[in-house]
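Take a look at the structure below.
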């Protein structure tokens with residue numbers, strides 16, 4: 001199960017040379033982008049509304065961008081970072 005819809009999305013599996021302007025051009029068709037933070041091979045993007053972010057997630061998850069299949073989902077707590085209960 002993914003994170004609940006909100007205005008901020010996570011964009012993963014980006015090419016190493018991907019820049020803020022590249023993502024703004026790619027995602028601006030979904031609405032007004034308030035903020036973009038690009039790290040190594042991933043980014044966080046905040047839209048003006050939840051509806052705009054939902055459209056971006058629906059249409060861009062799995063999109064092939066420069067040979068990389070992007071992972072686009074709502075930002076939130078990472079499943080990998082959540083504490084797991086101790087084993088048996």
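Considering only region 40-51, state which residues are closer than 21 Å to residue 21 by Cβ and touching a residue at least 40 places away in the same chain (Cβ under 8 Å).
Residues satisfying the conditions are 47, 48.
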Q. What pairs come up if the first residue lies in region 12-39 and is free of Cβ contacts under 8 Å to residues at least 60 places away in the same chain, the second is assigned to a helix (DSSP H, G or I) and surrounded by 14 or more Cβ atoms within 10 Å (Cβ to Cβ), and their beta carbons are under 6 Å apart, counting only those six or more places apart or on different chains?
A. 27/56; 30/52; 30/55; 30/56; 31/52; 36/20; 36/23; 38/20
Q) Identify, please: which residue in region 33-49 is within 12 Å of residue 10 (Cα to Cα) and out of contact with any strand residue (DSSP E or B) (no Cβ under 8 Å at 6 or more places or on another chain) and is, among those, modelled with the lowest pLDDT? A) 39
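The values are calculated or read from the model by the stated rules, or taken from the named source; none is laboratory data. Note that the coordinates shown come from a computational prediction; the quantities given were computed from them, not determined experimentally. Using ideal geometry, Cβ is built from the backbone for each residue, glycine included, and neighbour counts are taken over all protein chains shown.
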